[in-house]
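S.K.: Following this message is one structure expressed as structure tokens.
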């Protein structure tokens, strides 16, 4: 009998055993958990995010700030200091709110599992925790979130940080060679290792009231060793895999259901209903994943509020009318959002933009034949890239060197316009000459095709490259209703 109990306890401590334990826990107290996580999401999405966006837009408009980028920070600090200061304050408010969300969710789970949950007790605990927040904790919080951005969205995500993403074009660079892919793999591995070693810092600060220094030290101690790293990795991987599979099945079911209903007279009603069901199912899956993650972190930090066998106790007393009110309001809100989405009341007409002037590999990127073929599909804009030449002219070209398309490992800034325009590109089974921007622009005007011009910056550019381009083409591009942008 003793051996059976010991074996049962050992199995319960394994990753799959813990997942089933938290599944049983969630099935008993699903309303309380959804109240915390879905309630926070509703408030953040419908109130906080629109408010912060409106405040930021107001600050930029009043201060005369056209846009914010790393390459215009010096100019902004010199000419729009108060506006920048206002945006920094908004940024700190955002960071504080994300940290507050963590406090609410960690404390909510702890109170539910201790069977003492109520909104009043949660509010009191959160206020008590906020009194102990220090600036260094928020700084660490920012560092940690930047650390887990590459893979954190598979387990934890918040609408407050939904716009922070790794640009797709950065991956294009890493996938060009096996050496770059190896660097990317090592970066991910090191990032995952550091984030795993520090994973217990937040629950220790929030639930145990430890200082940042003490919490980091204890987290490093508790996650030390290959065995602990492997155990944590397996558990996080299982949660991420569970979330991905369940979300995939949910959306697949919604797709096939709507595909069937589109052939009936219930298409609109079905679309609204399916969107609501997808939202509900997605909310449950996300909440369950977070409950499993946070509960496991609490367990690893010796902060778990119940024993392994204690998963089916009496539910905290939550009045039935509150359950009905909360559930009804949530369904009505998202039914309204789904209906307006399906009906298109808040739609804006999307722009169609051809990337580098091609359409389904119909030519060589950034060349006139490809642009002319693409223009027949009537996109709103053709996006293309310009770079400066050795003799301070401009060619239509994207890459830092001619190696990939012409086999010449030389930057365009080291060649003259004549040398470049006599160079043949090969791509998609086709060949074409590198065009000058003069020729490309004239060809676009001939077929009435508007351009989205991306200015590619290089260390080899002349000091007045942008100024020269603006003087030569600015008025003409404005007349053509073209747009200009740059990532540099």
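Residues checked against (1) surrounded by 14 or more Cβ atoms within 10 Å (Cβ to Cβ); (2) touching a strand residue (DSSP E or B) at 6+ places or on another chain (Cβ under 6 Å); (3) modelled with pLDDT of 85 or more:
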| residue | (1), (2), (3) |
| --- | --- |
| 105 | yes, no, yes |
| 110 | yes, no, yes |
| 113 | yes, no, yes |
| 116 | no, no, yes |
| 128 | no, no, yes |
| 131 | no, no, yes |
| 137 | yes, no, yes |
| 141 | yes, no, no |
| 145 | yes, no, no |
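S.K.: (1) assigned to a helix (DSSP H, G or I); (2) at pLDDT 80 or above: which one isn't true of residue 302, the others all being true?
M.R.: If we test residue 302 against (1) assigned to a helix (DSSP H, G or I); (2) at pLDDT 80 or above, just (1) comes out false.
S.K.: Just checking, does the stretch 257-270 include any residue being at negative phi, surrounded by 15 or more Cβ atoms within 10 Å (Cβ to Cβ), out of contact with any strand residue (DSSP E or B) (no Cβ under 8 Å at 6 or more places or on another chain) and modelled with pLDDT under 80?
M.R.: Yes.
S.K.: Let me ask another. Please pick out the residue among 487, 451, 433, 441 that is surrounded by fewer than 18 Cβ atoms within 10 Å (Cβ to Cβ), touching a residue at least 24 places away in the same chain (Cβ under 8 Å) and within 21 Å of residue 351 (Cα to Cα).
M.R.: Checking each option against the conditions leaves just 487.
S.K.: Now a separate question. Going residue by residue through the stretch 289-296, is there one that turns out to be more than 27 Å from the chain's Cα centre (by Cα) and assigned to a helix (DSSP H, G or I)?
M.R.: No, because not a single residue in the stretch 289-296 is more than 27 Å from the chain's Cα centre (by Cα) and assigned to a helix (DSSP H, G or I).
S.K.: Would you check if there is a residue in the stretch 84-105 being over 21 Å from the mean Cα position of the chain (by Cα), under 30 Å from residue 330 (Cβ atoms) and either without any contact (Cβ under 8 Å) to a residue 40 or more places away in the chain or part of a helix (DSSP H, G or I) (or both)?
M.R.: Within the stretch 84-105 (the criterion being over 21 Å from the mean Cα position of the chain (by Cα), under 30 Å from residue 330 (Cβ atoms) and either without any contact (Cβ under 8 Å) to a residue 40 or more places away in the chain or part of a helix (DSSP H, G or I) (or both)), the answer is yes, since at least one residue qualifies.
S.K.: For the condition surrounded by fewer than 19 Cβ atoms within 10 Å (Cβ to Cβ), at pLDDT 90 or above and in contact with a strand residue (DSSP E or B) (Cβ under 9 Å, 6 or more places away or on another chain), what is the one hit in 386, 353, 368?
M.R.: Residue meeting the stated conditions: 353.
The values are calculated or read from the model by the stated rules, or taken from the named source; none is laboratory data. In this text, all values refer to a predicted model and were calculated from it rather than measured experimentally. Every residue, glycine as well, gets a Cβ built from its backbone with ideal geometry; the counts of neighbours run over all protein chains shown.
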